[in-house]
């Protein structure tokens, strides 16, 4: 049949059909590409788990090694395991541990682990966020009882933040701290002690247990600058204005612990330890201090800090002194690929 013998409306219909067919094909191609991309992202491997024995991944028993995906659940029994994630992060889990692993974080739900990581990787443990503050950091995290989290830095430095992201501790190499999350929010009691210093025209305190800097506001502070003090109070709603300070504390009570001895601390913090004023410390606020102490609920021994709704105390016989994790030798298991 020649085109000139075909009615015009047939030619229009043929042309529309061809266009519709092309549009359908294009839509199918785009849909296929999108599906492939989505499946690739959803199923992308993020690393490998290795063990000298059997363990469980996503409630299925595996032996030797297996590939990890975003959201994989790892459960060790008698055999510990080592997680090797893309980006150079390594996490060792001792026996009887459980964790859920993601590309940029790991949630420790039971047991004991060792993190070897640069920055930008978090270990979540009972609402705390634990991460490396420096390169080549090795940190140990252990869950004890129903509330306590023990954090140790074998090398490098470790940051500990509360559930809202507020810095509550800097753990330096060779140090180990016990933590217990307490009440959250601005109403949470605060109890800290350390050197009272001046920086940027404001009063700060370098906390001796957690190695965190806080800005202070309240009466009678200036005359105790350069001294070691203990303060109690509550966190303010507004952020700290001093560079390097984690939060602003409104002081309810202050007690002089000792005079002077803060020059080295001031130099490290970039602050000033001015000569102390006349003797006579400001009076204590026993009620506020008592409330902060009660919130710490028997954690550790010795000096206890309560900051950002988290109680912290130095660990006795800390994790930093342990040669290897329980059930794990210093030599990591090998992976057969």
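Kindly check whether there is at least one residue in the stretch 173-192 that is without any contact (Cβ under 8 Å) to a residue 40 or more places away in the chain, outside any loop (DSSP other than H, G, I, E, B) and touching a strand residue (DSSP E or B) at 6+ places or on another chain (Cβ under 9 Å). No, the stretch 173-192 has no match at all. Restricting the first member to the stretch 124-153 and to residues that are at positive phi, and the second to residues that are outside any strand (DSSP E or B), the beta-carbon pairs closer than 8 Å and six or more apart or on different chains are 126/147; 127/162; 127/163; 136/118; 136/156. Working only within the stretch 60-81, note down all residues that are closer than 22 Å to residue 150 by Cα and either in contact with a helix residue (DSSP H, G or I) (Cβ under 6 Å, 6 or more places away or on another chain) or crowded, with 22+ Cβ neighbours inside 10 Å (or both). 74, 76, 80, 81, listed by residue number. For the stretch 146-157, filtering for residues that are in contact with a strand residue (DSSP E or B) (Cβ under 7 Å, 6 or more places away or on another chain) and closer than 14 Å to residue 125 by Cα leaves 6. Filtered by the rule that a residue be under 17 Å from residue 46 (Cα atoms), without any contact (Cβ under 8 Å) to a residue 40 or more places away in the chain and surrounded by fewer than 21 Cβ atoms within 10 Å (Cβ to Cβ), the stretch 91-110 gives 100, 104, 105, 107.
Which condition does residue 201 not pass, out of (1) in the same structural domain as residue 83 (by TED's automatic domain parsing); (2) more than 18 Å from residue 315 (Cα to Cα), if it passes all the others? Condition not satisfied by residue 201: (1).
Could you tell me whether the stretch 61-75 includes any residue that is touching a strand residue (DSSP E or B) at 6+ places or on another chain (Cβ under 9 Å), assigned to a loop (DSSP other than H, G, I, E, B) and without any contact (Cβ under 8 Å) to a residue 24 or more places away in the chain? Checking the stretch 61-75: not a single residue is touching a strand residue (DSSP E or B) at 6+ places or on another chain (Cβ under 9 Å), assigned to a loop (DSSP other than H, G, I, E, B) and without any contact (Cβ under 8 Å) to a residue 24 or more places away in the chain. Only one of the listed residues (153, 169) is part of a strand (DSSP E or B) and closer than 16 Å to residue 248 by Cα. That residue is 169.
Here's the yes/no breakdown for (1) over 22 Å from residue 132 (Cβ atoms); (2) surrounded by 24 or more Cβ atoms within 10 Å (Cβ to Cβ):
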{"residue": "169", "(1), (2)": "no, yes"}
{"residue": "182", "(1), (2)": "yes, no"}
{"residue": "199", "(1), (2)": "yes, no"}
{"residue": "211", "(1), (2)": "no, no"}
{"residue": "235", "(1), (2)": "yes, no"}
{"residue": "239", "(1), (2)": "yes, no"}
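For the stretch 148-158, filtered to residues that are under 16 Å from the mean Cα position of the chain (by Cα) and surrounded by fewer than 22 Cβ atoms within 10 Å (Cβ to Cβ), the residue that is farthest from residue 208 (Cα to Cα) is 148.
The values are calculated or read from the model by the stated rules, or taken from the named source; none is laboratory data. Worth saying up front: this structure is predicted, and the values here are computed from it rather than measured. Glycine gets a Cβ as well: all are built from the backbone with ideal geometry, and neighbour counts include every protein chain shown.
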